[in-house]
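Student: Structure provided below as structure tokens; questions to follow.
The values are calculated or read from the model by the stated rules, or taken from the named source; none is laboratory data. Bear in mind the structure is a predicted one, so any value in this text is a computation, not a measurement. Don't worry about glycine lacking a Cβ; one is built from the backbone with ideal geometry, like all the others, and counts go over all protein chains shown. The area values use the complete protein model at the heavy-atom level, side chains included, leaving out ligands, DNA and RNA. Shrake-Rupley method; radii C 1.70, N 1.55, O 1.52, S 1.80 Å.
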Amino acid sequence: MDRCGVGCLLIGDSLGMVCQGQPPTLPVTVAEIVYHTSSVARGNKTALLIADMPFWSYATPQSCFRHAVQFNAGSAHMVKLEGGAMVTDT
């Protein structure tokens, strides 16, 4: 991706379907996304690395912060939340 000039990489919860053969993305855990993010980070030289916060990992601002710290340790530059206005406070 570096040689192609890709500007950002997203490690998403879709890894549950693509890598694990899960039918939905719901079983994907924070630990699994942190693991995959760390793996991608080792080969990444230039792209912004974004990690997807899996379902229910940001149910409260406190749980979101606790999990975001783990993503930072996994070398993510940014985390992605879904939910629009419902997660504005988070």
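Student: Taking only the C-alpha atoms, wrap a convex hull around region 1-45 and report its volume per residue in Å³ as a whole number.
Tutor: 75
Student: For the chain, with all protein chains present and a 1.4 Å probe, just round the carbon and sulfur fraction of the accessible area to a whole percent.
Tutor: Working: 3460 of 5670 Å².
About 61 percent, which is the carbon plus sulfur part of the accessible surface.
Student: Just want to confirm a number: the relative contact order over the chain, from Cα pairs under 8 angstrom separated by 6+ residues, in percent. Numbers along the way, then the final one.
Tutor: Details: 121 pairs, mean separation 27.0, N = 90.
Result for the chain is 30 percent.
Student: Let me ask something else about it. Keeping all protein chains in place, calculate the accessible area per residue for the chain (probe 1.4 angstrom), answer in Å².
Tutor: 63
Student: Once amide H atoms are built 1.01 Å from N in the peptide plane, which residues 5 or more positions from ILE11, or in another chain, come under 5 Å H to H?
Tutor: Those lying under 5 Å, H to H, from ILE11 are ILE50, ALA51, ASP52.
Student: Right, here's the next one. Once you charge only the Cβ atoms, +1 for Lys and Arg and -1 for Asp and Glu, what is the size of the charge dipole of the chain about its Cα centre, to the nearest 20 debye?
Tutor: Computed about the Cα centre, the dipole is about 280 debye.
Student: Would you mind checking the tilt of helix 61-73 against the longest principal axis of the Cα atoms of the chain, expressed as 0 to 90 degrees and rounded to 10?
Tutor: So the helix axis and the longest Cα principal axis differ by about 20 degrees.
Student: Taking only the alpha-carbon positions of the chain and ignoring solvent, what does the Debye formula give for the base-10 log of I(q)/I(0) at q = 0.18, 0.20 Å⁻¹?
Tutor: -0.78, -0.94
Student: What net charge do the residues around PHE71 carry, taking every other residue with its C-beta under 11 Å from that of PHE71, with Lys and Arg at +1 and Asp and Glu at -1?
Tutor: +1
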